[in-house]
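The values are calculated or read from the model by the stated rules, or taken from the named source; none is laboratory data. Worth saying up front: this structure is predicted, and the values here are computed from it rather than measured. Cβ placement follows ideal geometry from the backbone for every residue including glycine, while neighbour counts extend to all protein chains displayed.
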Amino acid sequence: MSFGTLVREGRARDPGTVNTRIAVPGATGRTGRFVLAELERRGLTPLPCDRTTDLDRAFGHAGTVINCAGPFAETAEPVLAAAIRAGIPYLDITAEIEVVTDTFARHRGAPIPIVPAVAFFGGLGDLLATAALGGGSTADRIVIGYALSGWRPTSGTRVTGQVSARRRAGRRVMHTGGRLRYREGPAPRTDFPFTTGVRPVVGEFTMADSATIPTHIEVPEIETYMSAEAVDDLYADDPSGPVPVDASGRSAQTFHVEVIAHTGGTARRATASGQDIYAVTAPLAVEAAIRVLAGESGPGVASAGARFDPRDFLGALDLAFTEEALPRTR
């Protein structure tokens, strides 16, 4: 039985020669704290890092790094460079699309495993799209719908959003015609037929999975939709952030994500539902780190969907995960 399986089941506290100390830059942020707790729950040893930490010294004691320090436009490259110097795998939880594309462009031949955007925005949609394709590597169109009960973003989300907006000069970005393109003007609003019911959404609400998916799936069009109440909440003048409602620190926010892959005249849908988009990032990132430590992926940069078996990965998480074939389309 693999190291990853043993740790996941709580039966591997002493995995021998595998270094299970995990460095966590950004450990004091909300998601960083969830990651620390998840590492401890899974029997690994977190090494919290902040902006005063000497990365070379800290990473010299670590077996892997999970970068939770945003804005990632500022932190990804220096943290990744330190991981390469230390010779340890690098993962991050960025939702910054341009950071993801830069990471792939710069580090394809890296000597360490690199998994960017292994988080709610990025990794989850990527895994769902890969599962929906059932082992295929091409699609005519991928549709991603996010149904969030609300957002109440953290201060970190607001800051990274501002950094991305400046980088794009206020433009929107979407994957169309086989690549990311920038668009002017407001995003369209419409309705989306989620399996949980029709909801008003904002279209062309592109997130990091539109950057990760095309790195291993050939797809010309990725359509993305976000529930309107979440978008309105995101841009509301309310800095209060998420409110914990349980002992773990999760908020009452719920999410439901649907990914539909269209290929020829067929379509398949994969869905995932859960509570608190920040909290669910922790098991996503830690599951990926465990699998990397267990030797499931080699060097170079690749997304979660490309590195791991999506059904096995999603099945290991505390999510409501489903798959289904849809009626044949013309």
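Among the listed residues R152, R167, identify the single one that is closer than 27 Å to E77 by Cα, outside the structural domain of V292 (by TED's automatic domain parsing) and in contact (Cβ under 8 Å) with a residue 24 or more places away in the chain.
R167
Being touching a Phe, Trp or Tyr at 6+ places or on another chain (Cβ under 8 Å), of a type in the set (K, R) and outside the structural domain of S303 (by TED's automatic domain parsing) is the requirement here; does R189 meet it? No; evaluated as a whole, the condition is false for this residue. The set of residues in the stretch 300-330 that are out of contact with any Gly (no Cβ under 9 Å at 6 or more places or on another chain), more than 21 Å from H216 (Cα to Cα) and of a type in the set (D, E, K, R) contains only E324.
Checking D238 against (1) surrounded by fewer than 13 Cβ atoms within 10 Å (Cβ to Cβ); (2) at pLDDT 95 or above; (3) more than 22 Å from V301 (Cα to Cα), which single condition isn't satisfied? Condition (2) is where D238 drops out.
Residues considered: V202, V219. Of these, the only one that is touching a residue at least 60 places away in the same chain (Cβ under 8 Å) and within 20 Å of G122 (Cβ to Cβ) is V219. Does H216 qualify as being within 19 Å of the chain's Cα centre (by Cα) and under 15 Å from A132 (Cβ atoms)? Yes.
May I ask you to verify whether V159 is of a type in the set (V, I, T), out of contact with any Asp or Glu (no Cβ under 7 Å at 6 or more places or on another chain) and buried (at least 16 other Cβ atoms within 10 Å of the Cβ)?
No, not satisfied.
Which one of these is assigned to a helix (DSSP H, G or I), at pLDDT 95 or above, outside the structural domain of A211 (by TED's automatic domain parsing) and crowded, with 23+ Cβ neighbours inside 10 Å: T75, T103, T94? So the residue among T75, T103, T94 that is assigned to a helix (DSSP H, G or I), at pLDDT 95 or above, outside the structural domain of A211 (by TED's automatic domain parsing) and crowded, with 23+ Cβ neighbours inside 10 Å is T103. Evaluating V286 against the criteria (1) over 15 Å from the mean Cα position of the chain (by Cα); (2) surrounded by 15 or more Cβ atoms within 10 Å (Cβ to Cβ) leaves one unmet condition, (1). Restrict the check to the stretch 205-215 and report whether at least one residue is assigned to a strand (DSSP E or B), aliphatic (A, V, I, L, M), touching a strand residue (DSSP E or B) at 6+ places or on another chain (Cβ under 9 Å) and surrounded by 18 or more Cβ atoms within 10 Å (Cβ to Cβ). Checked the stretch 205-215: no residue is assigned to a strand (DSSP E or B), aliphatic (A, V, I, L, M), touching a strand residue (DSSP E or B) at 6+ places or on another chain (Cβ under 9 Å) and surrounded by 18 or more Cβ atoms within 10 Å (Cβ to Cβ). Of all residues in the stretch 30-72, those being crowded, with 19+ Cβ neighbours inside 10 Å, in a helix (DSSP H, G or I) and of a type in the set (G, A, S) number 2. Pairs linking a residue in the stretch 262-274 that is hydrophobic (A, V, I, L, M, F, W, C) to a residue that is in a strand (DSSP E or B), with Cβ atoms under 6 Å and 6 or more positions apart or on different chains, are A267/I260; A270/V259; A270/E323; A272/V257; A272/F321. Looking at A119, A132, A139, A147, which one is under 19 Å from E323 (Cα atoms), of a type in the set (G, A, S) and touching a Leu at 6+ places or on another chain (Cβ under 7 Å)? After ruling out the rest, the residue left standing is A139.
Each row is one residue, and each column tells you yes or no for (1) assigned by TED's automatic domain parsing to the domain that holds N19; (2) at positive phi; (3) in contact (Cβ under 8 Å) with a residue 12 or more places away in the chain; (4) in contact with a Ser or Thr (Cβ under 7 Å, 6 or more places away or on another chain).
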| site | (1), (2), (3), (4) |
| --- | --- |
| T254 | no, no, yes, yes |
| V259 | no, no, yes, no |
| E287 | yes, no, yes, no |
| I290 | yes, no, yes, no |
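Being among the β-branched types (V, I, T), over 20 Å from A294 (Cβ atoms) and free of Cβ contacts under 8 Å to residues at least 40 places away in the same chain holds for only one residue in T31, T45, T52, and it is T52. In the stretch 186-198, the residues that are farther than 20 Å from R269 by Cα and in a loop (DSSP other than H, G, I, E, B) reach residues that are of a type in the set (A, V, I, L, M) and at pLDDT 95 or above with C-beta atoms within less than 6 angstrom, at least six apart or across chains, in these pairs: A187/V202.
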